[in-house]
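Below: the structure, in structure tokens.
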Amino acid sequence: MQVQDIIDAKLDKRRKGVYGPPLGNAAVVFVDDLNMPAQEVYGAQPPIELLRQCLDHGGWYDRADNTFRQLVDMQLVAAMGPPGGGRNHITPRILRHFNVIAINEFDDATYTRIYTAISDWWARRGKLPESVVDQLPGVVAATIDVYNTIRAELLPTPAKSHYTYNMRDLSKVFQGMQSVGASVADSRAVVRLWAHEALRVFHDRLVDDADRSWFCSLLSNLLPKHLGTNIAEVFGTQQCDASTPTGAAAAQGSGPKQHGDAAAALRTVLYADFLQPCGPENAKYQEATDPGKMLKAVEDALADYNIQVSGWRL
């Protein structure tokens, strides 16, 4: 039981059969995704049953000699999301030990306020040009639109159980944008940066070409809606219509090509922090505008790795 081993490793022996944090201290054990363990054939979830035994009886059994370990000065705090997407219902026998606090899903106005404040801070810290600052409200709106649309359209299935999205994904888009080491020169550059981060966070999770093509066309349609530009101006290709299903577009004869153009254009945008040979401590996250230079940087890094790691060449 990995759960038991992790907790036991943090506790000291107080006296025979009694374990706890160092004397004079109290331990708080935080369990994230409490309802993530899979249910066995009879509906039980062994890690949760182990924690329930600790709460019911004040400890658990040492698996080496079957003696009971009493755990003292320890409090359990847990968090979990609603059932679905790999999360399961959990037994009321453990819920009865907790004071349950439920937090509603944020609405779009709340998301807008949070990420607008973060974007404003980035603009002040980075002394961004006025043209870039003017685009940030549109970037926030476009990101929230992507988030809401992909959650509604690409639902988890048994073959795509990882198609679950939460506020962490929204935050990763803005975190990636604000990691850029070079100054964002103009509105076109910030749109390219935003598109790259949206691709890394959402697109890279998709498992088949139909979903990836749909997502690329979604991004191309959000550009005029929120950012006052289009894919041709930013990426140099023609606009396509995300509202047209792939099958219907195929019947019209031009849909697949348009989807392919959008996908190909978006995938040419790449930001990386290994382009400059300055070491990881001074790495700058910047757009790779020269494919040859990027390829050379990757090959040099691979050569360095093969020199350092003997007996295992990549």
TODO: For the stretch 126-247, report the convex hull volume of the alpha-carbon atoms normalised per residue, in Å³, without decimals.
DONE: 107
- [ ] Return the distance in nm (one decimal) between the two label points of a simple spin-label model at residue 97 and residue 31, each offset 7 Å from Cα along Cα→Cβ.
- [x] 0.6
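Keeping all protein chains in place, calculate the accessible area per residue for the chain (probe 1.4 angstrom), answer in Å².
Values: 18220 Å² over 314 residues.
The answer is 58 Å² per residue.
With only Lys, Arg, Asp and Glu charged, each at its Cβ (+1 for the first two, -1 for the last two), find how big the charge dipole of the stretch 92-207 is about the Cα centre; round to the nearest 20 debye.
On the way: 14 positive and 12 negative charges, 109 e Å.
Approximately 520 debye in magnitude.
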TODO: Find the centroid of the Cα atoms in the stretch 133-177 and in the stretch 32-62, then give the distance between the two in whole Å.
DONE: 33
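On the accessible surface of the chain, probed at 1.4 Å, how many percent belong to carbon and sulfur atoms?
The C+S portion of the solvent-accessible surface of the chain is 54 percent.
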TODO: With log10 I(q)/I(0) by the Debye sum over Cα atoms at q = 0.09, 0.12 Å⁻¹ in mind, check (i) -0.48, -0.80; (ii) -0.60, -0.96; (iii) -0.70, -1.00 and report the label derived from this structure.
DONE: (iii)
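Please state the charge dipole magnitude for the stretch 13-110, taken about the Cα centre, from unit charges on C-beta atoms (+1 on K and R, -1 on D and E), reported in debye and rounded to the nearest 20. List each step's numbers first, then the result.
Values: 10 positive and 11 negative charges, 151 e Å.
Around 720 debye, computed over the stretch 13-110.
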Open item on the list: What are the membrane-span-like helices in the chain by this rule: whole DSSP H runs, Cα extent along the axis at least 27 Å, mean Kyte-Doolittle hydropathy at least -0.5?
Closed with: 130-153
Task: Relative packing of peptides 10-18, 217-225, 69-77 - highest average C-beta neighbours within 10 Å first - done: 217-225, 69-77, 10-18
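Using 0.36 nm per residue of separation minus the Cα-Cα distance, give me the extension gain between residue 166 and residue 8 in nm, one decimal. Numbers along the way, then the final one.
Values: separation 158, 0.36 × 158 = 56.88 nm, distance 3.20 nm.
The residue 166-residue 8 span can extend by a further 53.7 nm.
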TODO: Over 28 Å between C-alpha atoms is what I'm after, so list which of 127/225; 10/160; 127/296; 10/284; 160/293 land there.
DONE: 10/160; 127/296; 10/284; 160/293
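Would you mind telling me the antiparallel percentage of the DSSP bridges in the chain, rounded to 5? Provide the component values of the computation, followed by the final result.
Values: 9 of 17 bridges.
The antiparallel fraction comes to roughly 55 percent.
The values are calculated or read from the model by the stated rules, or taken from the named source; none is laboratory data. Keep in mind that this is a model prediction, so the values were computed, not measured. All Cβ positions, glycine included, derive from the backbone under ideal geometry; neighbour counts span all protein chains shown. Please note that ligands, DNA and RNA were not included when accessible areas were found on the heavy atoms of the full protein model with its side chains. Shrake-Rupley method; radii C 1.70, N 1.55, O 1.52, S 1.80 Å.
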